Structures are given as structure tokens and as C-alpha cells.
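Remarks on the structure that follows.
The values are calculated or read from the model by the stated rules, or taken from the named source; none is laboratory data. All values reported here derive from a predicted model rather than from experimental measurement. Neighbour counts are summed over all protein chains in view; Cβ atoms, including those assigned to glycine, are modelled from backbone coordinates with ideal geometry.
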Amino acid sequence: MERRDFLKSSAFLGITTAGGALTSFSSGCNRIESKFSYFSPPATTETLQWLENENLKVEILSNGVIRAVDKKNNHEWKTFAAAIQDETVIDEGKLWSRRERAMGEQYPARFAGKKEGDNFRFVVYDRQHLQRGTFLCRYTLEKEWLVFQLLEADDSLPSLVFPPPFESESLILPIEGGQWLKNDEVNIFQRMYLQFFSSLGMRFFAGLSGEKGWLCAFDVNTADAGAMLVNGQIAPAWVRSMGQWKSHYRVQYCFTGGGYVGIAKQYRRYALEKGMLKTLREKREENPEVDKMLGGRALQFMNLYGPGYETSRDEYWIKESDFEAWRKKNLNFTFRQVLDKVNLAREKMGFKKGMILLRGWMHGGMDSTHPDIWPPDPELGTIGELKAIMDLRHEYITALHDNYQDFYPLTPSFPKGVIVRKDGTLMSGGLWANGHQCYMTNSRDSVRYARRNREYVKTLNPSGYFVDTTACNALYESYEKGNEQTRLQDMQYKYELLKIFYDNHLLVGSENFGDFVVPVIHWFEHRQKRKEGTTIPLWQLVFHDCAFTSRYDVFCPETPYPSWLEDMLYGNFLRFWVPREFGEGKSYRTDHTTGWGNWHYTDEEFKNSYHVDEWHALTGMEEMTSHCFLTEDKKVEEAIYGNRYRIVVNFDHRQREVEGIKLKAYDYYIEK
């Protein structure tokens with residue numbers, strides 16, 4: 001905002017300015033001095049606007065409070081009068097923005113607003129009544145939605161949390177597939193910033209009071225935003241775009257019944273309206289290969305792990321004795337050995353349908369040479385031998401792993417396309433594989449490298465392609481001169497990246513969950529893990545019939561029950577890291593060089609788990625229409641698919657009887 005506009009709005013709102021000098025303020029004890037202006041809060045609170053239609057009656061108050069009457073569900077909601085603000089820009093251009101925030105870097109802001117045409121200008125002031133800035137916003141009603149738009153904000157506001165949160169008994173969050181967080185006790189130290197898509201897999205958050213709920217859905221073109229979670233309450237958090245308050249800032253609130261299922265179904269309708277919902281049946285019409293995954297399972301081969309970078313030992317303070325293992329090259333399977341294992345799985349282990357996915361097949365092995373992946377690593381065999389695996393496409397989905405977010409510094413292309421942060425430094429990524437430090441790729445260049453590599457890879461003729469991390473990474477900015485990238489552009493280019501492979505009639509997969517890529521993806525690999533009473537299948541209630549899902553932690557030894565019970569409940573297909581001992585009746589080696597996650601299975605468990613595949617054949621392309629906990633202790637759960645397939649799962653070590661159904665310990669019941 002220009003200074004003259006600020007002075008004008010300050011006078012309009014009753015702000016005392018100090019002409020740029022430090023302002024003194026007395027709290028009744030000690031005097032303080034600040035660069036901020038002193039603000040005299042209004043003595044009374046007034047109504048700024050009434051909004052009403054057949055669904056809602058909403059009152060916007062001058063202190064920033066929203067009162068909303070949900071006519072359909074006969075419930076009144078009210079926000080708090082303060083919103084917790086961060087004194088930083090929040091997103092500081094790192095690989096992952098800090099989720100945990102500290103009390104000392106935040107303050108509770110209050111608000112004072114007046115009408116400005118069809119909009120409202122609010123003053124943001126703190127405990128000492130020092131004015132931190134102003135912003136302009138608008139409220140409208142669109143059918144059942146209350147829409148909030150942030151139109152402009154002062155440069156003095158590094159970030160903004162607004163509107164304040166609706167007071168709720170519990171929160172419904174799209175984290176790791178779905179979480180139900182009860183607000184059972186005061187926890188003022190709980191302070192988290194949740195961003196898309198590294199934290200929030202879908203662009204909403206919600207709250208409940210009993211079975212009545214509210215949903216805050218972000219506009220599909222809003223990328224410079226997230227959520228601030230404090231003490232069991234949550235509100236939208238807005239961040240600058242390329243250092244300026246110039247972006248599309250819009251959310252809309254809807255009020256629901258039916259608990260978390262009602263919230264999920266409302267977001268499903270929103271996703272459909274916004275073009276995010278495309279079902280597997282629709283995708284099957286474009287690519288019949290989808291059928292090969294329905295009722296199938298995935299064999300995943302880690303071909304090669306190269307030795308780690310020697311520099312990583314000092315950079316990460318890794319003891320010499322620990323780093324010794326990272327110096328080793330781990331060649332698990334040549335291409336011929338993969339083919340042998342697939343033949344063994346078919347002939348002796350019952351593997352008739354599903355996917356064969358190769359990781360670490362490219363030059364240098366796993367997490368080593370992206371984006372310069374070609375040619376396949378010669379130690380693994382010839383291109384002809386790799387093609388022989390891909391030629392199994394008539395029986396299975398034959399897929400390859402790739403990555404266009406992680407950029408490795410020992411490649412010829414480095415650093416062309418690496419994200420440049422605001423201070424001119426390159427954005428570091430994670431330390432992966434056996435100690436390979438990566439950097440992060442500008443997604444505009446990801447598209448360029450993917451198109452280049454596609455010309456090589458298409459000679460192998462795979463039928464599937466797993467594009468790692470794309471769906472679940474945060475949204476990044478890049479300040480490289482002439483190649484700048486906003487968060488919105490990052491999201492758009494990531495979508496375009498997956499669309500390259502989708503349009504070439506490949507089945508496309510990616511890591512974890514991201515609702516923005518649903519129309520151009522066929523499967524997600526994720527880390528959803530049941531935590532009793534907290535984990536809910538939120539993703540499945542919205543998108544189960546839009547993309548197949550599988551978990552990394554299949555056959556997890558930490559669960560007292562067979563962990564495939566979770567996969568049956570959530571409608572996942574099973575995925576198996578293949579160890580070198582597979583099919584030989586020997587104990588498996590299950591370290592990170594063979595596969596990720598907490599997985600331990602035997603040949604017998606592989607052969608005796610096809611009932612999971614049979615259930616997936618029925619439900620894999622059905623909408624999850626309902627989910628509930630059937631017992632107060634949350635140990636017995638029910639899911640319904642397509643309004644016709646019902647599964648009840650007992651996660652208790654005791655026999656349970658529910659609705660006339662007797663369930664043995666760690667067992668399930670199916671109705672078709």
C-alpha cells in the first residue's frame with residue numbers, strides 16, 4: 001500500500017500515527033517504544049454486514065468475528081475474536097517450511113474494521129494496542145458457501161492469519177490420509193503451520209461440534225496459503241507471493257451435518273464442481289490398462305543403490321562406523337534377475353495380476369542422477385534385457401520409477417533448473433539413498449527434462465510410470481532471473497509434468513496424496529497408518545474411486561494384528577518390496593537398500609494374502625460411501641463401498657460382537 005493510502009485509512013479508522021518516529025506506549029507499568037503506531041480500539045463492536053440466503057445467515061462484526069447460522073442443520077457457529085499471527089513470513093523458502101512454530105515468534109492479533117465500499121478494511125493490532133498493519137477483504141454468499149477474499153495487505157504484515165477460527169470441539173484434517181484431532185485439553189504450546197501438499201494432501205480443513213461441522217475449502221487457484229493450527233483450533237494463513245501481497249487469496253466456508261463423513265462428502269462435491277474429481281472408470285475409458293491393477297498387487301524391485309557421497313559424512317556428522325555401510329554399492333537385482341523373480345512369483349507364488357515396478361534402474365541407480373537418468377545403468381544388464389521386463393505388459397503393468405523434483409549435483413545438467421531462493425542461493429533438498437544430497441528443481445524445468453527423457457524412455461515401452469514426490473512436495477518459489485516461478489506456477493507445472501505421461505497412455509503414480517493431480521494420476525503410494533480413534537479414511541471418502549492407493553508399511557511388525565486389515569478397511573492394494581530371498585523359503589533381509597518403510601513378510605504371507613486382492617477387485621473402483629467406528633473404544637470400524645460392499649474390521653485382541661456380528665480377534669466380516 002502507498003503511504004498516502006495508509007495515512008488515509010489510518011485517519012479513517014482512528015489510528016494515531018507518529019510520522020514515522022518511534023511511538024511510545026504505556027501499558028500501565030513500564031513504557032515501551034516501537035516502530036509501530038499506537039491504535040485506540042473502538043469502545044464498541046458493531047455489525048458491518050448481514051448476509052443471508054436460504055442456507056445461511058451471517059453477521060460480520062467490526063472486531064473480525066463471524067457469526068453464522070447454518071439453517072439446514074439448525075446450528076450457530078462463531079469465530080474467536082483474535083487470530084494468532086506469526087511475526088515471520090512463515091514460508092522462508094526452504095524445502096519444508098517449519099511445521100512447529102514457537103510461542104515467542106507469534107502474537108494474538110485483534111481486529112477493528114470499517115466498511116470501505118463493498119469491502120472491509122481491518123486494522124491488525126496486538127496486546128499493546130500497537131498497529132501491525134491493515135488489510136482489505138470481502139465477504140459474499142454463493143449458495144451454501146460463505147466466501148472470503150483477501151484483496152490487499154500492508155507491507156508491514158509479513159504474513160496474515162484471518163479470519164479467526166470457528167470455535168470447534170475437534171478438527172478434521174487431510175494429513176496422512178485423514179486425522180480427527182479432539183480438542184480434549186488445553187495445549188497452548190501446540191502451534192503448527194500446515195502447508196500444501198507436504199502437510200495437507202487436500203486443500204481444506206474442517207471442524208466439528210458433535211456431528212455438526214464446518215469446512216474451509218481453498219480456491220483451486222490459491223497457492224500462497226496454508227493453515228495455522230493453535231491449541232486445537234485452526235484458521236487460514238496467508239503468505240506473500242514472490243515477496244509481495246499480490247496473489248489470489250480466496251477461501252469458502254460451508255456448514256455440514258454427518259460428522260467427518262459429511263465434511264468429506266461436501267468436499268467431494270466441491271472437487272467435482274472445480275474439476276478435481278475424475279474417476280477410475282472415466283480413466284479406464286481412456287486407458288484400459290487400469291483394469292490390470294483392479295484386484296492386483298505390486299512387486300517393487302530396488303535394482304541398485306549407488307555408494308553415498310563422501311562429503312555427506314562430515315556434512316551430516318555421521319560417525320565413521322555408521323557411514324561405512326553407506327560407502328557400499330548395493331546391487332540387488334540385475335534385469336535378468338528381476339525377470340527370474342517375476343517368473344517365480346507367477347509360477348510358485350500365485351502372482352497373476354498387478355504391477356511390476358523398477359526403482360534404481362537408471363544410470364547411477366536410485367536417487368543418484370536425476371534428471372540425467374539415461375541410459376539404464378550398464379551393471380544391471382542390457383537395454384534389451386530391460387525391454388524384456390517391459391514386454392510383460394500383456395500380463396502386468398510394467399512400470400518405471402523416476403523423479404523430477406530432486407536434482408543431484410554430480411549430473412551434467414546441474415545446476416540448470418535448480419530453484420534459486422530469494423537470497424540467490426540454491427534450494428537444498430533431502431539426503432537420500434546411501435547419502436546423496438539433492439537440490440530442488442524448478443517445476444518449469446521439470447517439465448522440460450521430462451519431455452527430453454520421455455524420448456529415451458519410450459523406446460522401452462513401459463505401461464506405467466511412477467513420478468516420485470511430485471504430488472506431495474510443498475509449493476515452491478524460484479527467483480532465478482528470467483526463470484522465476486510462483487507457487488501457483490509450481491502447482492500448474494507439476495500437474496503438467498504428470499500429464500505428459502498420462503497423455504502418453506501410461507498409468508501414472510506418485511507419492512502420498514495431492515488432490516490437485518487427481519485428474520492425471522492412477523495410483524498413490526502413501527504412509528497412512530492407523531492410530532486408534534485418530535486416523536480416519538478422509539482421502540478415501542473423497543477420492544477412493546479416483547485413484548488406486550497402496551501403503552509403504554505393508555506387513556508392519558509393530559501392529560499386533562495383520563496390518564493388511566488396514567489395507568482392506570481403506571481399500572488399498574498390497575505392494576511388496578521384493579528381497580533377494582523372495583520365493584526361496586528363506587528369511588528376508590529388509591533394510592533400506594531393499595525397500596522403504598517398516599515391512600516384514602514371508603513367502604507364506606505373500607501366498608496367503610490374496611483375499612486382500614479379491615476384496616480390492618470388488619471395491620477398488622468404488623466410492624467409499626461411509627465409514628464409522630462401531631464401538632466406543634474405536635477398535636471396531638466399518639467401511640461401505642458403492643453402497644453395496646460392507647466390511648467390518650475388529651482391531652481388538654478380544655472377540656467382539658457388534659450389531660449381531662461376532663468377530664474373532666483381529667478379524668473381519670464382509671457383506672456383498
State whether the residues of segment 550-571 include one that is within 30 Å of Asn221 (Cα to Cα), acidic (Asp, Glu) and not assigned by TED's automatic domain parsing to the domain that holds Ala474. no
Look through segment 282-333, keep the residues that are over 29 Å from Phe555 (Cβ atoms) and β-branched (Val, Ile, Thr), and return whichever of them is surrounded by the most Cβ atoms within 10 Å (Cβ to Cβ). Ile318
Matching residues in segment 193-231 - criterion: being surrounded by fewer than 21 Cβ atoms within 10 Å (Cβ to Cβ) and either more than 15 Å from the chain's Cα centre (by Cα) or more than 21 Å from Glu92 (Cα to Cα) (or both): Ser209, Gly210, Glu211, Asp219, Val220, Asn221, Asn231
Single condition Asp291 does not satisfy, out of (1) closer than 17 Å to Leu506 by Cα; (2) modelled with pLDDT under 95: (2)
Test Val123 against the stated conditions and say whether it is β-branched (Val, Ile, Thr), part of a strand (DSSP E or B), outside the structural domain of Gly424 (by TED's automatic domain parsing) and over 31 Å from the mean Cα position of the chain (by Cα). yes
Among (1) in contact (Cβ under 8 Å) with a residue 12 or more places away in the chain; (2) assigned by TED's automatic domain parsing to the domain that holds Glu347, which single condition is Glu581 missing? (1)
Residues satisfying the stated conditions in segment 267-314, i.e. under 30 Å from Val542 (Cβ atoms), free of Cβ contacts under 8 Å to residues at least 60 places away in the same chain and assigned to a loop (DSSP other than H, G, I, E, B): Lys274
In the set Trp596, Trp615, which member is closer than 21 Å to Met355 by Cα, surrounded by fewer than 18 Cβ atoms within 10 Å (Cβ to Cβ) and touching a strand residue (DSSP E or B) at 6+ places or on another chain (Cβ under 8 Å)? Trp596
Any residue in segment 450-468 that's more than 15 Å from Asp372 (Cα to Cα) and assigned by TED's automatic domain parsing to the domain that holds Leu357: show its pairings with residues that are surrounded by 15 or more Cβ atoms within 10 Å (Cβ to Cβ) and basic (Lys, Arg) at Cβ separation under 6 Å, as long as the two are six or more apart or on different chains. Leu460/Lys387; Ser463/Arg393
Which residues, taken from segment 411-454, are outside any loop (DSSP other than H, G, I, E, B) and charged (D, E, K, R)? Arg444, Asp445, Arg448, Arg451, Arg452, Arg454
From His522, His544, His526, which residue is within 20 Å of the chain's Cα centre (by Cα), modelled with pLDDT under 95 and either in the same structural domain as Met242 (by TED's automatic domain parsing) or within 30 Å of Arg451 (Cα to Cα) (or both)? His526
Do we find that Trp317 is within 32 Å of the chain's Cα centre (by Cα) and either more than 30 Å from Pro288 (Cα to Cα) or assigned to a helix (DSSP H, G or I) (or both) in this structure? yes
Starting from segment 72-92, take each residue that is at positive phi and list its partners that are modelled with pLDDT under 95, counting only C-beta distances under 8 angstrom and pairs at least six apart or across chains. Ile90/Ser97
Residues that are among the basic types (Lys, Arg): list the strands (runs of 3 or more DSSP E) wholly contained in segment 559-672 that include at least 1 such residues. 575-577, 645-650, 656-658, 661-663
Considering segment 150-163 alone, what residues qualify as being touching a Ser or Thr at 6+ places or on another chain (Cβ under 8 Å) and polar (S, T, N, Q)? Ser159
Scanning segment 138-192 residue by residue, those within 30 Å of Lys57 (Cα to Cα), part of a strand (DSSP E or B) and under 21 Å from the mean Cα position of the chain (by Cα) turn out to be Val161, Ser170, Leu171, Ile172, Leu173, Gln179, Trp180, Leu181, Lys182
Test of understanding: among Trp374, Trp432, which residue is farther than 17 Å from Leu331 by Cα and either at pLDDT below 95 or surrounded by fewer than 16 Cβ atoms within 10 Å (Cβ to Cβ) (or both)? Trp374
List, please: which pairs have Cβ atoms under 8 Å, are six or more places apart or on different chains, and start with a residue in segment 247-266 that is assigned to a helix (DSSP H, G or I) and end with one that is among the small types (Gly, Ala, Ser) and surrounded by fewer than 19 Cβ atoms within 10 Å (Cβ to Cβ)? Val261/Ser626; Lys265/Gly258
